[in-house]
Each structure stands twice: as C-alpha cells, then as structure tokens.
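First the structure, in the form of structure tokens, and then the observations on it.
The values are calculated or read from the model by the stated rules, or taken from the named source; none is laboratory data. This one's a predicted model, so the numbers in the text were calculated from it and none came from an experiment. FYI the Cβ positions are ideal-geometry reconstructions off the backbone, even for glycines, and counts take in every protein chain you see. Protein only, heavy atoms only, side chains kept; ligands, DNA and RNA dropped before computing areas. Shrake-Rupley method; radii C 1.70, N 1.55, O 1.52, S 1.80 Å.
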Amino acid sequence: MPPQHTPPAPGTRRGTASRRRWWVLGVLSTAQLMVVLDGTIMNIALPSAQSDLGFSDGQRQWVVTSYALAFGSLLLLGGRIADLFGRRATFLTGLAGFAGTSALAGVAGGFEVLVAARAGQGLSSALLAPAALSLVGLTFTDPRERATAFGVWGAAAGAGGAIGMPLGGALTEYLGWRWAMYMNTLVAALACVAGALLLAPAPRARASRLDVPGTVLVGSGLFCLVHGFARAEAHAWTSAATWAFLAAAGAQLVAFVWWQTRARHPLLPLHIVLDRDRGASLIALLQTSSAVFGIFLFCTYYLQQSLGYGPAATGLAYLPMVAALIGTSPLATNVLLPRFGPRPVIAAGAALAACGLVLLAALGLDSAYPTAVLPALVLAGAGLGTIITATTSLATLGVGAADAGVASAAVNAMQYVGGSVGVALLTTVSTAATDSYLAVHDPSGALTREHAALSGYHSAFLSLAGAFAVCLLVSVPLYRRRQAGRRARPDSGSVVKCGDRP
C-alpha cells in the first residue's frame, strides 16, 4: 500500500508535519494574549491618563468605549476580509496596525488623539483576532494536535485577563501610563516580524465577493448593541437613549439575518451557525464569556476592596485559576471530548464553573484565601477551561477554508458580545443588590458599606451561576450525541456527522 502523505497546512510553509507550526501557534497565541491584555491594561492606566491629559469624567468612558465599538462592530467584516484577501496578509496587517495605533496612543497629547488611537486599536484587533483563530484551525488538522493547540489558545486568553491588571498597575506606577501602550507596540511588532517569517499564504475565497449590505447591517447592529449596553452600564436602564440603541440593534440584526438568506455572497453563510454542534458552541461561548468578564471584574473588586489586596497580589491570586484553566483545556479536548462527545463534557464544565461561582457567592469580609477563595477560583477555572477550549474547537471544526475567517469572527463576536452584555447586566444586578442592602441598614458606617458591596458581589456571582444553569438547559441539549465518524460536506465545508443521533 503506498504511503499516505499529509497535505501542507495553509498556515505554514512545511505543512502539519513540521515543527514550525508550533512556533506559528506561539505567534498566534501571543497576538490573542495581546488583544485580551490591552483591555485590562488600559482600565488600570486610565486614571493616570486622565490626570495627565486633563479630560473630564464624562469623556473618560470613550477611551474604553471607542475600542469596544470598533472591535465589536467590525469583527465579522474582519473575518470576511481574511477569507477574501488571505489570512496571513490580514493577520499581519492587523498586527502592524495595532503596533502603530498603540504607539500613537502612547504619544497622544490630547483626548481626541487618544480616543482615535484606541478606535484604531479596535479596528486592528477586528482584523487580527479572527484571522489568527482561523489560522489555528487550518494549521492544526490532526485531532490530538488540534486539541492541544486550542488548549494553548484558550490558556493565552485566560492568562491575558489574569495578568493584565497587575502588569498595567506595575507599568503605570513605575514607568507611566504611556508605557502600557508602548508595551503593546513592542509585542505587536515582534509578533508581526515572527509572523512574516513563519506564516505562509493561506487559501483565499476567490469566487466570493464582499457583502456590502450585510456588512453595513451587522456592523451598525453590533455597534448599537455594544454602545447600548455600554450606556446601560454607565447610565440608568430607564435612559431612553439606551433603549433606542438596543432597539436599533435588534432591528438591524434581524434585517441582517433576513438579508443573509437572500444575498448571493452572504457575509455570514447561515449554514455556519445553523449546524447544531456549532450553534450550541456559539451559545455556550456567549454565556461563558459573560462569566469570564464577570469573575475578573467582581472578584478583583472583592480582593482589593474587601480583602485589601494590591494590584500585584490580585494578579498572583488568579494564577491558580489560570493554572486550572490551562490544565483542563487539553484534558477536555484530547481525552474527554473524543471519548464522550460534547454533551457530557460541556455539561461537566458548566457544573464545575457553577460550583465555583456558588462558593464565590459565599465569601465573607474575613474569608481566608487558601481555604475559601482558592477552591472557588480553581473550580471556576477548571470549568471555564473545559468549556472555552472545547466550544472554540467545535465552533470552528469542519468549516471550509473559504469561510474559516468569518466562522472564527463569529466565535470572537460571541465572546465579545457576551462579555459586553454580561458586564452591563451584572453591574445592574450588583448595584441593585448594594442599594437594597443600604436601604435597610444604616448607610453611614464603613462596615455597612463594605457589607453592602459584598452583597452586590454575591448577587453577581449567583447570577453567573444561573447563567451556567441556562447553559446546561439550552446549549447542551442542542449538541448531537457522540459521533461515530465525520466526513466533510464538499459543497459547503460544513461537517456531516456519520452515525449521529439527535
């Protein structure tokens, strides 16, 4: 029998048999870490930037929001650009743009320049994030290697969120807030050079065209959605402007779905999201992302304001959670997913994360880290690592090369929208619980205010535990049962599961 040769992977010069693909994974994971890191670093550096540049409290939110709006609203467009013009070129363009706009933010002499630079960072991230994720999926086609690769990818995202705050605090305190931006420039520039040396051109969807009406509808819809929830986080939910943006978002996204059924070259072919396993994974990612953002936000406040930790100590406190996330990622995708299928694996991850959040909701003002905080964070990290890596792999598995970029963009969009929506809703829940506590207790005492804040954190954690209950009830039943085999559907690039049962 003649020997079987593995075809070269689209993201490397020497194919999947080459060790170079692991260096490629390092570059792609570094880019992912940088994108996640940037958001948390800027949050820490923002007070110093405001003091230095002299802009008002009302203007302050736009430094964060300008990035969020550009990134969230342009993700699907960035994914389709990667499909049409090549993932290598799109990834390197995004990295170069991120390096340049980060440098511009670092030298900004006024509020307007800083906001413009942050919007440029968001645009660059919308190009590089889906291109990078699709390159991971196209480079690693062997099931075991693919599982390991997505484990590393998920760990990079988790590490970015965990180390962003202590790193941002150290840079801001000892070097100045501008170095928080210069660090992005350095990392992006190095990743760009490494990517140019390691990455080979990937296939392009030459027969496709850009869906301009779809791009406008989904871009504007996501813009209104992110901006609406950003307003809800900063203003009352009774604000007419908040509901106007959310209503406009709903109308435009519904119109986008309608148009995708009629467009000759749809921006997001609906077969990508209507596959049961892929659709279930996207729903689970939407819910899980709200938990990731929520845990880092409210647990950070708890550690710093309730237990008195500094920024560096807070970052160290998250390391066991990150270790649990990294440890369970390859276990879930290499061992559990192939053996048991997605239903029990995702369900187990949701149950672990929910248990961790219930323990976080039981913390007090004098809770000890080793016996109370540590077990909760480890359980939450194990659950999140199981879900994120498995769902990201399943959401991109079986997508044809022509649609890999936009499918990866859908994954990024679900994660980002889930985080934006989750933080806004959780902030509302936490604020309401805090106000309710103060309404029935004497608000003048410092201890009362600490208990009120703790009540708000507890409500947020319990709400997140409830989100995983929804995950168990909604997304898990959508998954097909364990697959006996897979074969690619040649017309669409989606996957037909052989021997599946609904």
Do you know which residues across region 334-348 are crowded, with 18+ Cβ neighbours inside 10 Å and either more than 19 Å from Pro477 (Cα to Cα) or hydrophobic (A, V, I, L, M, F, W, C) (or both)? Asn334, Leu336, Leu337, Val345, Ile346, Ala347, Ala348
Which residues, taken from region 359-417, are touching a strand residue (DSSP E or B) at 6+ places or on another chain (Cβ under 9 Å) and of a type in the set (A, V, I, L, M)? Leu397, Val399
Quick one: how many residues across region 110-146 are surrounded by fewer than 24 Cβ atoms within 10 Å (Cβ to Cβ) and within 21 Å of Leu394 (Cα to Cα)? 7
From the set of residues in region 245-265 that are among the aliphatic types (A, V, I, L, M) and open to solvent by less than 40 Å² (accessible area, probe 1.4 Å), which is farthest from Phe229 (Cα to Cα)? Ala263
Given the condition open to solvent by less than 20 Å² (accessible area, probe 1.4 Å), without any contact (Cβ under 8 Å) to a residue 40 or more places away in the chain, farther than 30 Å from Arg88 by Cβ and among the small types (Gly, Ala, Ser), answer yes or no: does some residue in region 382-402 qualify? no
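Here is a yes/no grid of residues against (1) closer than 23 Å to Ala155 by Cβ; (2) crowded, with 22+ Cβ neighbours inside 10 Å; (3) in contact (Cβ under 8 Å) with a residue 24 or more places away in the chain:
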position: Gly308; (1), (2), (3): no, no, no
position: Leu316; (1), (2), (3): yes, no, yes
position: Ala332; (1), (2), (3): yes, yes, yes
position: Gly364; (1), (2), (3): no, no, yes
position: Leu379; (1), (2), (3): yes, yes, yes
Cβ-Cβ distance below 7 Å, separation of 6 or more or different chains: which pairs start in region 274-290 with a residue that is assigned to a helix (DSSP H, G or I) and at pLDDT 80 or above and end on one that is among the polar types (S, T, N, Q) and surrounded by fewer than 24 Cβ atoms within 10 Å (Cβ to Cβ)? none
